[in-house]
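The values are calculated or read from the model by the stated rules, or taken from the named source; none is laboratory data. If you're wondering where the values come from, they're calculated on a predicted model, not measured in any experiment. Every residue, glycine as well, gets a Cβ built from its backbone with ideal geometry; the counts of neighbours run over all protein chains shown.
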Amino acid sequence: MFTLNRLQSGTAALMALSVTVGTVAPFITASPSFAQTTFSDVSSNYWAAQFIQQLSGRGVIAGFPDGTFRPEEAVTRAQFAAMVNKAFQKPAQRQAINFVDVPSNYWASSAIGQAYTIGFLSGYPGNRFEPNQAIPRQQVLVSLANGLEYSPSGNTESTLQYFNDASNIASYARSPIAAATEKQIVVNYPNVKFLNPTATATRAQVAAFIYQALVSSNQASAINSPYVVAAGSTTPTPIAVTIPQGTAIPVKYDKAEKILVTKDETAPLTLTVSQNVVTQEGAVVIPAGSQVIGQLKPATGGSQFVAERLVLTTGQEYQLNASSEVITKTETVNKGTSTGSIIKNTVLGAGAATAVSAVTGDRAIATEEVLGGAGIGALVGLFFGKNSVDLIAIDPDTDLQMTINQNLLVSLR
């Protein structure tokens with residue numbers, strides 16, 4: 001078995017796995033590479049740090065130019081509309097309307113219209129939206145429950161009895177908040193028994209609510225937080241594990257002993273995980289036999305495997321940010337070389353196949369099995385008339401071992 005702690009490099013070797021309990025997520029949305037996920041005013045032990053980090057990584061929320069997040073700052077209805085649109089993709093549920101207090105050139109006009117049509121937000125009497133109004137906590141929960149079309153499965157009043165301040169919940173909000181409670185969307189800090197429904201929602205609180213809503217709809221794996229309300233939960237929840245940046249993934253390629261590509265080509269490649277990747281406690285997080293789907297891409301001085309997706313043996317699929325080291329070893333093919341010696345136990349990229357065919361004069365090479373990519377016919381002119389060509393020679397068993405470039409959250413079943 002392939003243990004995580006043995007294979008982490010640099011500072012990643014010091015990172016402990018974060019084992020969390022939550023709803024299984026069938027996929028994880030890739031974080032934008034440009035997204036800021038750490039902030040000067042959000043310490044690692046801040047109660048909402050993980051919610052903020054996960055949502056900022058998804059591009060749902062963002063910090064300020066000075067590097068802060070301002071977690072205790074109030075959220076307006078317009079700001080919440082913008083967050084909802086980035087977090088959830090839904091078809092329109094109703095016709096758009098023009099709110100009298102939202103001019104067409106208002107910064108959030110489009111976001112407000114979209115949030116209304118997909119069912120997350122509504123207006124006030126008189127066709128007003130009040131975009132600059134600070135949004136109360138109960139309104140955020142109502143919005144998420146309604147937008148995700150949740151209804152309570154149990155008795156509303158019985159569910160709400162969990163909260164010591166349940167009497168403060170507005171009548172319009174009681175049923176949706178009961179549904180949100182059942183779905184574990186509610187996060188109460190510092191006292192899980194107090195909802196504080198009429199208090200203004202802060203940026204940290206909204207981040208926690210939205211992330212839990214993503215968990216409830218199987219779009220994210222849960223974070224282990226003592227402030228998530230689990231009243232009335234009867235179904236056991238699977239475990240989610242964070243695989244730290246820097247963890248190595250052992251892979252193999254069974255189709256050939258060698259891969260040849262040109263230094264300029266991009267070719268699709270699917271690798272197989274060769275050993276179980278396990279936690280220090282022995283739990284398998286990436287089973288042997290799982291597939292890593294990606295591409296061989298040009299890199300400085302050579303070629304590099306860049307992973308795109310991880311497909312576990314269970315069928316769970318995750319977007320994966322991982323890569324191998326740059327491979328610079330070359331093999332020279334000269335005019336007159338026997339193609340039999342070149343292609344034995346070898347898979348070629350389309351560019352490499354074309355190069356071998358053009359240099360050796362053996363047109364049959366173009367019919368051999370090659371990795372997909374650029375059309376062979378389109379590449380012939382690049383190598384026509386050459387007496388030799390240098391190809392990147394890749395040993396799949398040693399050269400394609402990769403490390404994870406960004407923390408990966410997977411769910412154990």
task = Restrict the check to the range 83-95 and report whether at least one residue is free of Cβ contacts under 8 Å to residues at least 60 places away in the same chain and buried (at least 18 other Cβ atoms within 10 Å of the Cβ).
result = yes
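Could you tell me which of the residues Pro71, Pro152 is in the same structural domain as Tyr172 (by TED's automatic domain parsing), assigned to a loop (DSSP other than H, G, I, E, B), under 22 Å from Ala208 (Cα atoms) and over 29 Å from the mean Cα position of the chain (by Cα)? Walk me through it before giving the result.
Numbers: Pro71 fails: over 29 Å from the mean Cα position of the chain (by Cα).
So the residue among Pro71, Pro152 that is in the same structural domain as Tyr172 (by TED's automatic domain parsing), assigned to a loop (DSSP other than H, G, I, E, B), under 22 Å from Ala208 (Cα atoms) and over 29 Å from the mean Cα position of the chain (by Cα) is Pro152.
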message = Just checking, does the range 198-211 include any residue being among the hydroxyl-bearing types (Ser, Thr, Tyr), in the same structural domain as Val60 (by TED's automatic domain parsing) and within 17 Å of the chain's Cα centre (by Cα)?
response = yes
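So in the range 174-215, with the set limited to residues that are among the small types (Gly, Ala, Ser) and in a loop (DSSP other than H, G, I, E, B), which one is nearest to Gln316 (Cα to Cα)? Spell out the reasoning first.
Start the filter on the range 174-215 by keeping residues that are among the small types (Gly, Ala, Ser), which leaves 175, 178-180, 199, 201, 204, 207-208, 213.
Within this subset, residues satisfying the condition of being in a loop (DSSP other than H, G, I, E, B) are 199, 201.
On the way: Ala199: 39, Ala201: 35 Å.
If we take residues in the range 174-215 being among the small types (Gly, Ala, Ser) and in a loop (DSSP other than H, G, I, E, B), then Ala201 is nearest to Gln316 (Cα to Cα).
Each row is one residue, and each column tells you yes or no for (1) surrounded by fewer than 18 Cβ atoms within 10 Å (Cβ to Cβ); (2) of a type in the set (A, V, I, L, M, F, W, C).
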{"residue": "Gln161", "(1), (2)": "yes, no"}
{"residue": "Ala180", "(1), (2)": "no, yes"}
{"residue": "Val215", "(1), (2)": "no, yes"}
{"residue": "Ser221", "(1), (2)": "no, no"}
task = Check Lys258 against each of (1) modelled with pLDDT under 90; (2) outside the structural domain of Ile394 (by TED's automatic domain parsing) and name the one condition it does not meet.
result = (2)
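If only one of Ala173, Ala108, Ala145 is closer than 19 Å to Tyr211 by Cβ and either of a type outside the set (S, T, N, Q) or surrounded by fewer than 22 Cβ atoms within 10 Å (Cβ to Cβ) (or both), which one is it?
Of the residues listed, the single one that is closer than 19 Å to Tyr211 by Cβ and either of a type outside the set (S, T, N, Q) or surrounded by fewer than 22 Cβ atoms within 10 Å (Cβ to Cβ) (or both) is Ala145.
Considering only strands (runs of 3 or more DSSP E) fully contained in the range 247-297, which possess at least 1 residues that are buried (at least 17 other Cβ atoms within 10 Å of the Cβ) and of a type in the set (Gly, Ala, Ser)? Talk me through it step by step, then tell me what you get.
Details: elements: 258-261, 267-273, 284-286.
Of the strands (runs of 3 or more DSSP E) lying wholly inside the range 247-297, those with at least 1 residues that are buried (at least 17 other Cβ atoms within 10 Å of the Cβ) and of a type in the set (Gly, Ala, Ser) span 267-273.
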note = Checked against (1) out of contact with any helix residue (DSSP H, G or I) (no Cβ under 7 Å at 6 or more places or on another chain); (2) part of a loop (DSSP other than H, G, I, E, B); (3) more than 19 Å from Phe120 (Cβ to Cβ), Asn218 satisfies every condition except (3)
query = Pick from the range 164-220 the residues that are free of Cβ contacts under 8 Å to residues at least 40 places away in the same chain and charged (D, E, K, R): which of them is nearest to Ala78 (Cα to Cα)?
reply = Arg174
ask   = Looking at Ala96, is it at negative phi, in contact with a Pro (Cβ under 9 Å, 6 or more places away or on another chain) and hydrophobic (A, V, I, L, M, F, W, C)?
value = no
message = Given the condition over 19 Å from the mean Cα position of the chain (by Cα), assigned by TED's automatic domain parsing to the domain that holds Glu130 and part of a helix (DSSP H, G or I), answer yes or no: does some residue in the range 53-67 qualify?
response = no
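Yes/no per residue for (1) under 23 Å from Gln54 (Cβ atoms); (2) modelled with pLDDT under 85; (3) among the β-branched types (Val, Ile, Thr):
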residue	(1), (2), (3)
Gln212	yes, no, no
Ser217	yes, no, no
Thr237	yes, yes, yes
Ala240	yes, yes, no
Asp254	no, yes, no
